Amino acid sequence: MACPFRVFRVVVGLTALLLPFSTRLAGQVKPVERPTIVRAAPPAPAAPDLAIEQVQFAESIHSELGPMATAFVTIRNRGALDALLPAGAALVSGAAPGGLRFSDAVPGALTIKAGETRVVQLRSLDVCSGGWGRAPVTFTVDPAKRVPESNRANNAATNVPTVTDLSAADLVIQSLTLKSGAGKSGGALDLHVMVRNAGTAPAVLCPAVPLLRETQTPVSGKYGLQTLTYAATATPAPPSGNVNVGGSDTLRNTDVLVQPIGIVILPGGTRDLVLTAAYRPGDVAAGMYTWQVLVNPDGRVPEQNRGNNSFAAQLQAY
């Protein structure tokens, strides 16, 4: 009878011999690699692609409207299809927070062909209706997204306008004079205040902004201290007797301007500002009295020096 221990030793030995072989055999077995199938994305449908390529600025100084900025915006349709803007849509708009604002509405339907480049000229709003300054202006083509485009990432561009710094103005009072109102002898007298811009930039005095204020008069107890602030009305022109400041160097506190634009005093220029019915003969005893007036009393007109805004003169009362 065979010894069971001997059989056990044989089985264990065979297992020991076969184990390295099976391990080596298993190490040589590699998984079957399946080929990767790459499917190409379908081509994007052809579409317009409006892009802003360049922004430039120019400035002009108008004797009635003051400084005006013009932007020249170069746009290009980089797409494969024509871009069609419907009538009334804005082609390009531009704005800076608290600064310049531009806009351009298409009067009729506009087509910009594929590959076409055109320069759009935009004028800023006047200083009183809009803003002013050197803050960066961001322009956007098709701001209302009326054109279906393949790419809107290139629709905007920003540039810094090189425009006049209006704070370089400097308003000073040259003279005070009492004159008969409307040329009527013996009637109320108007106080004429000749204001000069001694600075290097235009001074723009906007509607609802105080221009002058009396600070001392011999008749303040009777009439108070007057302030000159003019209002403005849109066209058509108001009734006869009101003025368009562009046609006159004299502005009275009873005047209403034809358009909501500012009073412009160019560098070196003057403006006769009038406080009507400032004095009537007999209000005080005849003699010399002090009248004192402050120009730009609330500091709302940008200027470089407000220390010279007050002026006093001895005027004859009778």
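Taken together, the values in this text are just the output of simple stated rules run on the coordinates, not laboratory data. Here the structure is a predicted model, which means the values were calculated and not measured. Cβ placement follows ideal geometry from the backbone for every residue including glycine, while neighbour counts extend to all protein chains displayed.
In order along region 150-163, phi translates into HN-Hα couplings of 7, 7, 9, 5, 10, 7, 10, 8, 10, 8, 9, x, 9, 10 Hz, rounded to whole numbers, per the Karplus curve 6.51 cos²θ - 1.76 cosθ + 1.60 with θ = phi - 60° and x for Gly and Pro. The fewest-to-most ranking of Val274, Val209 by surrounding Cβ atoms within 10 Å reads Val209, Val274. Within straight-line reach of Lys113, meaning a Cα separation under 12 Å, sit the following aspartates and glutamates at least 8 residues removed in sequence or on another chain: Asp49, Asp82.
Among His192, His62, which comes first, second and so on when ranked by fewest other beta-carbon atoms within 10 Å?
Details: His192 17, His62 14.
Listing His192, His62 from fewest to most nearby Cβ atoms yields His62, His192.
Candidate cross-link partners of Lys222 among the aspartates and glutamates, defined by an alpha-carbon separation under 18 Å and a same-chain spacing of 8 or more, comprise Asp190, Glu214, Asp283. Put a plus charge on the Cβ of each Lys and Arg, a minus charge on the Cβ of each Asp and Glu, and nothing anywhere else: the dipole of region 50-164 about its Cα centre is then about 260 debye. Per the Debye formula on identical point scatterers at the alpha carbon atoms of region 25-181, with no solvent, log10 I(q)/I(0) at q = 0.13, 0.14 Å⁻¹ is -0.70, -0.78.
Please arrange Cys206, Cys128 by how many other C-beta atoms lie within 10 Å of their C-beta, fewest to most.
On the way: Cys206 19, Cys128 22.
So the residues, fewest neighbours to most, are Cys206, Cys128.
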